[in-house]
Amino acid sequence: MYRLIDTHAHLDEIENLEDVLAEAKKAGVVAVIAVGSDLESNQKVLKIAGLHKGFVYPALGWHPWFIKETEIDASLEFIDSHIDGAVALGEVGLDYHKRVRAAAGKDLQKQVLGGLLKIAKDHDKPALIHSRYAWRDAFDAVEEAQLEKAVFHWYNVL
């Protein structure tokens, strides 16, 4: 049987979490990286990881779908103050789909991503990058932050 690690799971969104984790173990999953998407999600991810030590590992993030300008300071401060207890920064990134840009424009997304990548760099954590319609800007942001460890997903050119 393979030993599998799920490197990107939104466990905070699952209703019957105990059953799902038990099934994952039966299928050969040996670890799960639980990603956060916003302040509430990050709090849940930390709690879930605390209840499942040695199996669930937290990654703290702020998904571009949930960015609000009024929450920048609080969200970055929470992540920065809890990142040492996480294995990665994520889910973070850029999403230039028109629906997302209507709520959080490109400049705001880039500003937030820059702050998040600085946290990752300062704490030597890898970043889990969402980059829909924004692959070049996301890649450039990681390069600019001099972050050496990043995983990209939803990586498209168009």
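Given the condition farther than 21 Å from ALA74 by Cα, without any contact (Cβ under 8 Å) to a residue 40 or more places away in the chain and small (Gly, Ala, Ser), answer yes or no: does some residue in the range 112-128 qualify?
So in the range 112-128, the residues farther than 21 Å from ALA74 by Cα come out as 124, 126.
Remaining after also requiring without any contact (Cβ under 8 Å) to a residue 40 or more places away in the chain: 124, 126.
With the extra rule that they be small (Gly, Ala, Ser), the set shrinks to none.
For the range 112-128, residues farther than 21 Å from ALA74 by Cα, without any contact (Cβ under 8 Å) to a residue 40 or more places away in the chain and small (Gly, Ala, Ser): absent.
Which residue is surrounded by the most Cβ atoms within 10 Å (Cβ to Cβ), if the candidates are limited to the range 41-73 and must be charged (D, E, K, R) and in contact (Cβ under 8 Å) with a residue 24 or more places away in the chain? My answer is LYS44.
Taking the conditions exactly as written (of a type in the set (D, E, K, R), crowded, with 20+ Cβ neighbours inside 10 Å and either at pLDDT 95 or above or touching a Ser or Thr at 6+ places or on another chain (Cβ under 9 Å) (or both)), does LYS125 satisfy them or not? Yes; evaluated as a whole, the condition is true for this residue.
Residue-by-condition table, conditions (1) of a type outside the set (Asp, Glu); (2) in contact with a Leu (Cβ under 7 Å, 6 or more places away or on another chain); (3) on the phi < 0 side of the Ramachandran plot:
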position	(1), (2), (3)
GLU13	no, no, yes
ASN16	yes, no, yes
VAL29	yes, yes, yes
ASP38	no, no, yes
ASN42	yes, yes, yes
HIS52	yes, yes, yes
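Just to verify a result, which residue in the range 38-73, among those that are among the aliphatic types (A, V, I, L, M) and assigned to a strand (DSSP E or B), is farthest from ALA134 (Cα to Cα)? The qualifying residue farthest from ALA134 (Cα to Cα) is VAL56.
Residue-wise test of (1) farther than 27 Å from ALA102 by Cα; (2) modelled with pLDDT of 95 or more.
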residue: ASP12; (1), (2): no, yes
residue: ASP19; (1), (2): yes, yes
residue: ALA24; (1), (2): yes, yes
residue: ALA31; (1), (2): yes, yes
residue: LYS47; (1), (2): yes, yes
residue: PRO58; (1), (2): yes, yes
residue: GLU71; (1), (2): no, no
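When the range 138-152 is filtered for residues that are over 16 Å from LYS125 (Cβ atoms) and either of a type in the set (Lys, Arg) or within 17 Å of the chain's Cα centre (by Cα) (or both), the ones remaining, listed by number, are ALA138, PHE139. On inspection, ALA34 passes the criterion of being aliphatic (A, V, I, L, M), surrounded by 14 or more Cβ atoms within 10 Å (Cβ to Cβ) and in contact (Cβ under 8 Å) with a residue 12 or more places away in the chain. Among the candidates LEU89, LEU147, LEU76, LEU116, the residue that is assigned to a strand (DSSP E or B) and surrounded by 15 or more Cβ atoms within 10 Å (Cβ to Cβ) is uniquely LEU89.
Here LYS25, LYS44 are screened, and the one residue that is farther than 30 Å from VAL112 by Cα and of a type in the set (Lys, Arg) is LYS25.
The values are calculated or read from the model by the stated rules, or taken from the named source; none is laboratory data. Keep in mind that what you see is a predicted model, and the values were worked out from it rather than measured. A quick note on method: Cβ atoms are made from the backbone with ideal geometry, for glycine too, and the neighbour counts reach across all protein chains shown.
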